[in-house]
Amino acid sequence: MYVASAIMVCFAGALVSYMAKGHARAVALIFSLVPLALFGYMYALVGTAYTEAHPWITPLGIQLSFAIDGLSMALVLLTAILFPLTIVYAWNHDQRPGLFFSLLLLLEAALIGVFTATDFIVFYICWELTLIPLYFVVGLFGGERREHAAIKFFIYTHVGSLVMLLAIFALYFASGLSTFDMHSLMGAYAQLPPALRDLIFAGLLVGFIVKLPAVPFHGWLPDAYGEAPTAGTVLIAGLLSKMGAYGLLRISLPMLGVTHSVGLFTTLLAVLGVGGIVYASLVALAQRDLKQMVAYSSVSHMGFVLLAVASLSAVSVSGAMFMLFSHGLIIALLFMAVGVVHERAGTRLIPELGGITHRMPVLAFLVMGGFLASLGLPGMSGFVAEFLTLTGAYPSLPTFVLAALFGMIITASYYIWAMQRAFFGPYNERLGEVMDVGATQAVPMAVLLGLVVLLGLYPAPLLGMLEKVATSLVMGVLL
Amino acid sequence: MNYMLLSPEIVLMLAALVVLLLGVTRIEQRVLGWLSLVALAAATALTLSLAGAGGTLLFGALTVDAFSQFFKLVFLLVAMLVVIASLSYYGKSRHQHEYYCLLLLATVGMMFVASSSDLATLFVGFELASISTYALAAFDREDMRSVEAGFKYFIIGALSSALMLMGISFVYGLTGTTNLQQIAHIVGEGISGSMTLALVLLSAGFGFKMALVPFHMWAPDTYQGAPSVVSSLLAAGSKKMGFAAAFKVFVLALLAIRAEWYVLFAVFAVLTMTYGNLVALSQRSLKRMLAYSSIAQAGYIAIGFVVIASITDVASPEGLSVATFALGSSLFYILSHAFMKGGAFLAVGAVAYMVQRDKSPLLDEDDIEHFAGLSKSSPLMALCISVLMFALAGIPLTAGFMSKLLVFSSAINAGLAWLAIVAILNSALSLWYYARVVKVMYWREPQMELGSVPMGFVVAVVLATLGTVVLGVYPAPFIELAMHAAEALM
């Protein structure tokens, strides 16, 4: 009942905070702490072997079944951690707070569903439900070009999902099993005709890499990230992009081993992955806007997941899973920091900033931490993730790993360059008197940075949990 | 003969006469609406109490079974929603007795079509419903557009009736009977080529009511011009009657020559959904947009015909034949669409109704501009419209998603993946114009002060929205109902 209750609590929270209007933020915070407590309790005591099922649409063989293993646990914990922090960060959001905070809780409900569902239709439903709150969050509370960004994001990812839905149907009918249960269907997958297996695999892949997003399917991302309000960007980058990665790891990875054109697909994934790492970091290097720079760095990091899946190596895959958790924390921290810069200094353009360390030392410290973690400094969680992913992938894909290393050098350069131009040097007097970050925004950022360092120094609790799943997924075994 | 089986129709007929008679007395006109509502509720209760019962009446001309009862429930639900909204819309009119009488008669006509098993009764029911709705479409006599709507609808409707009658006479000439069962029997033994001509004539007649492209021309003008409550009845009710009739004739009587109508319906389905969606994209008037989207949705429902005609029987999910599964999926779609489209037309009508009072000379009263900022002036209405729009677009946890899931999967199940792909692409396209309505309501500033929405509209729209959500969240019993109805016909 854990998962179902967590989802119900989020739905209830959405309703209550919508009606609470002025008190919406406090209500939302309280409700968002419940999933954290629930999953924290599960992590500590119940462990990572858990399933539950409730009957739903029996005529079609659809049931509300959820399961939690290491991978799901990592991602629901990330979800449960990021939401309260984002709500605290957005504490001063005063434009229609009732609606805003209830949309956030709706999003949380859908995300928990995505990361735990073991029924394809329930998975798809939750997957699609994430679009509705984000459509409103971007479109109502975003920047100047918000309408365009919202509708582009909605349609772009919706089309990707529909292709995925077709593949799910094909799998359902070809298997002849009359159930949408993931285990049974993926068990039946190996017995299908070769051409059909390839088609189904490709269809699912489209849905996942659009959401990830992998270059060149990232067209919706710069607009959505750029225009969304900070809280929205934090959640899109921190969690929504993890949905694509989760799909790849949970569904594509075990399928890959028994897919007919396995060589073709691994090459494709490796090319997409490394292409993304290099291309997006080059684009990030060219950005003048701090937020867009961070956005592209996020695209670049998601490339590692594709590379790991392509390598079919357990070490690499556990690195990629670690990356999901670590990147979720880091990117949230970075977008929050950029949000504060924009709010206080009135601009996000790197050339117009300069020397703000002098006026905002606390913020600069936090940003510095985030940048270093993101570029993979040892001692931070980002390093563990990238190191494992690349060493694991090296034996099977040496050339690609070398190219990815090149991308990491570019990553280091744009972060350092941005740091130097925006934060250090003489203070740009045209910015006027700029206040340092306030407590409600500093606390969540500090918590994130603390977690990043903690995991960098002591990755074992998370990694131990992930390694087991990674091995079984690579072997083609589910959950 | 067991007349109890006809009791819902009899109740409505009597109610129609009573309403008409009371109208000429000095009775408060408002009472008549409530009376009609009570009669519809009674008919619904009677229909429900007859669940499981079945039989034939009038020498085999009428068959009461799960299929006809399913459609009767759809028509009664739609009629009730329309009456509830009409309580506000026609609250002050002096002609309410005529209005409600026509509305009840139209419902009776639709119900007769659903249970007829003879081409003669089918035609009579069809005409009863059609003639009543011609008059209803033109009911706002002072409004030129309403008159035009009724006129256009009448002319094209009369033409299509003539074509259909001609088709029926061909069938009669070739088989010597008008009974659907007997036709099926004779057609199964082989029949000459003239049957194709009958097929074309019949599909023109039904295609008109279902608003399939290329017989759709009347729909946008009529839906826009007619009073909103009547548009709702047309889109959610009388269009479904077209489907009921077509299922009866094509699936029940003409299944043996399905190779002949397979291509016909495949072309109809693809053209209808694509054309409807493309034109809907550019509409400023929301009633027109809904009209075109309704055309597109008919295209999805028509997939059912293609699947039924295409299959060589294979087993499908829960042991039903593929054809039964396809028909059941279409029926579930019809039920969902009745709620979604009925609710959407009423909601748009409610806003247009308030704008009309405020007089807006430059734009149509249902112009999308008037919906700007609706989330601030009436949050409940905006929420309902959003749910209905997302439902029509097929977003999960609504009836629209479930019905698309069923229909598209029935196509894939029959090996018609290409048709499912066309439908899915279309459905992605449709999201564009549905999401635009939501966008305008939530993130534009209001252009004018709108008063509060009349109670009748609010109740009807909320009920339709609830129906849409229930069908999406807890669809299992309704899917079973639809499949059961489909089994009765196959």
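The values are calculated or read from the model by the stated rules, or taken from the named source; none is laboratory data. It should be emphasised that the depicted structure is a prediction, and the values quoted were computed from it without experimental measurement. Quick reminder, even Gly has a Cβ in these numbers, built from the backbone with ideal geometry, and neighbours come from all protein chains shown. In case anyone asks, the SASA skips ligands and DNA or RNA and just uses the protein heavy atoms, side chains included. Shrake-Rupley method; radii C 1.70, N 1.55, O 1.52, S 1.80 Å.
Observations
- Applying 1/(1 + (r/R0)^6) with R0 = 41 Å to the Cβ-Cβ distance of B:Ile155 and B:His185 gives a FRET efficiency near 0.65.
- In this structure, the pairs whose alpha-carbon distance is over 23 Å, taken from A:Lys21/A:Lys242; B:Lys239/B:Lys376; A:Lys21/B:Lys376, are A:Lys21/A:Lys242; B:Lys239/B:Lys376.
- Average beta-carbon neighbours from other chains, 10 Å sphere, peptide A:132-144: 2
- Anisotropy class assigned to the range B:109-265 is prolate, per the alpha carbon gyration tensor with a/c at or over the 1.5 cut-off and a/b larger than b/c.
- Take the accessible area of A alone and of B alone, subtract that of the pair with a 1.4 Å probe, and the total buried over both chains is about 3300 Å².
- Accessible surface computed residue by residue for the range B:1-145, with neighbouring protein chains in place and a 1.4 Å probe, gives 40 Å² per residue.
- For the range A:285-385, trypsin sites (Lys or Arg not before Pro) meeting the loop criterion (DSSP other than H, G, I, E, B) and having at most 14 other Cβ atoms within 10 Å: A:Arg288.
- Calculated FRET efficiency for the pair A:Val262/A:Ala439, C-beta based, R₀ 56 Å, to 0.05: 0.60
- Each residue, A:Met19 and B:Ala259, gets one label point 7 Å from its Cα in the Cβ direction; the gap between the two is 6.3 nm.
- Burial of 40 Å² or greater, the range B:371-398 residues [accessible area, probe 1.4 Å, versus chain by itself]: B:Phe390, B:Ile395, B:Pro396, B:Leu397
- Between the helical axis of B:417-443 and the longest alpha-carbon principal axis of chain B there is an angle of about 10 degrees.
- Helical content alone sets the calculated 222 nm signal of chain B at -25000 deg cm²/dmol, taking -39,500 (n - 2.57) per DSSP H segment of four or more residues and averaging over every residue.
- Cross-link partners of B:Lys248 among aspartates and glutamates (Cα-Cα below 18 Å; sequence separation of 8 or more within a chain): B:Asp65, B:Asp118, B:Glu127, B:Glu260, B:Glu487
- Estimated dipole of the range A:224-362 in Debye, rounded to 20 [Cβ of Lys and Arg +1, of Asp and Glu -1, Cα centre]: 120 debye
- Annotation for B:Lys92 and B:Arg145: the two label points, set 7 Å from Cα along the Cα-Cβ direction, are 2.0 nm apart.
- Net charge of Cβ neighbours under 10 Å - reference A:Gly354; Lys, Arg +1; Asp, Glu -1: 0
- Taking each DSSP H run with n ≥ 4 as -39500 (n - 2.57) and averaging over every residue of chain A yields -23500 deg cm²/dmol at 222 nm.
- Taking amide H as placed 1.01 Å from N in the peptide plane, A:Leu377 has its amide H under 5 Å from the amide H of A:Phe383, each at least 5 places away in sequence or on another chain.
- For the range A:165-171, Karplus couplings with θ = phi - 60° (6.51, -1.76, 1.60), whole Hz, Gly/Pro x: 4, 4, 5, 4, 4, 4, 4
- The string of couplings for the range B:463-474 from the Karplus curve (6.51, -1.76, 1.60, θ = phi - 60°) is 4, 4, 5, 4, x, 4, 6, 4, 4, x, 8, 10 Hz, one whole number per residue in order, with x for Gly and Pro.
- Taking a ≥ b ≥ c as the square roots of the eigenvalues of the alpha-carbon gyration tensor, the range A:118-239 is classed prolate because a/c is 1.5 or more and a/b outweighs b/c.
- Span from the the range A:243-276 Cα centroid across to the the range A:101-120 one, whole angstrom: 24 Å
- Simple spin-label estimate for B:Gln447 and B:Thr25 in nanometres, 7 Å along Cα-Cβ: 4.7 nm
- Carbon and sulfur %, accessible surface of the range B:1-153 computed with the full protein complex present, 1.4 Å: 72 percent
- Taking amide H as placed 1.01 Å from N in the peptide plane, the amide H of A:Asp289 sits under 5 Å from that of A:Ile350, each at least 5 places away or on another chain.
- Annotation: per residue accessible area for chain A equals 32 Å², rounded to a whole number [probe 1.4 Å, protein chains only].
- Of all stretches in chain B that contain no GluC sites (Glu not before Pro) in a DSSP loop with at most 10 other Cβ atoms within 10 Å, the longest one is B:190-448.
- All other residues whose Cβ lies under 14 angstrom from that of A:Ala470 are scored, Lys and Arg at +1 and Asp and Glu at -1, for a net of 0.
- Cα long-axis angle, helix A:398-418 against chain A (0 to 90 degrees, to the nearest 10): 20 degrees
- Alpha-carbon radius of gyration plus Dmax, which is the widest Cα pair, for the protein assembly as shown in Å: 30.2, 99
- Separation of alpha-carbon centers, the range B:4-64 and the range A:310-382, rounded to whole Å: 69 Å
- Candidate residues B:Tyr100, B:Tyr474, B:Tyr442: accessible-area rank, largest first, probe 1.4 Å: B:Tyr474, B:Tyr442, B:Tyr100
- Solvent-accessible area, 1.4 Å probe, carbon plus sulfur percent, for the range A:327-479: 72 percent
- Degrees, to the nearest 10: B:144-175 long Cα axis against longest axis of chain B: 10 degrees
- Considering only alpha-carbon pairs that sit under 8 angstrom and 6 or more positions apart, the relative contact order computed for the range A:367-479 is 38 percent.
- Here the Karplus curve 6.51 cos²θ - 1.76 cosθ + 1.60, taken at θ = phi - 60°, turns the phi angles of the range A:357-366 into couplings of 4, 5, 9, 10, x, 5, 4, 4, 4, 5 Hz, with x standing for Gly and Pro.
- Fraction of accessible area attributable to carbon and sulfur, the range A:39-154 (%, probe 1.4 Å): 58 percent
- Electrostatic bookkeeping for A:Val338 treats Lys and Arg as +1 and Asp and Glu as -1; over the other residues with beta carbon under 12 Å from its beta carbon, the sum is +1.
- The range A:230-296 shape via C-alpha gyration tensor axes, a/c threshold 1.5: oblate
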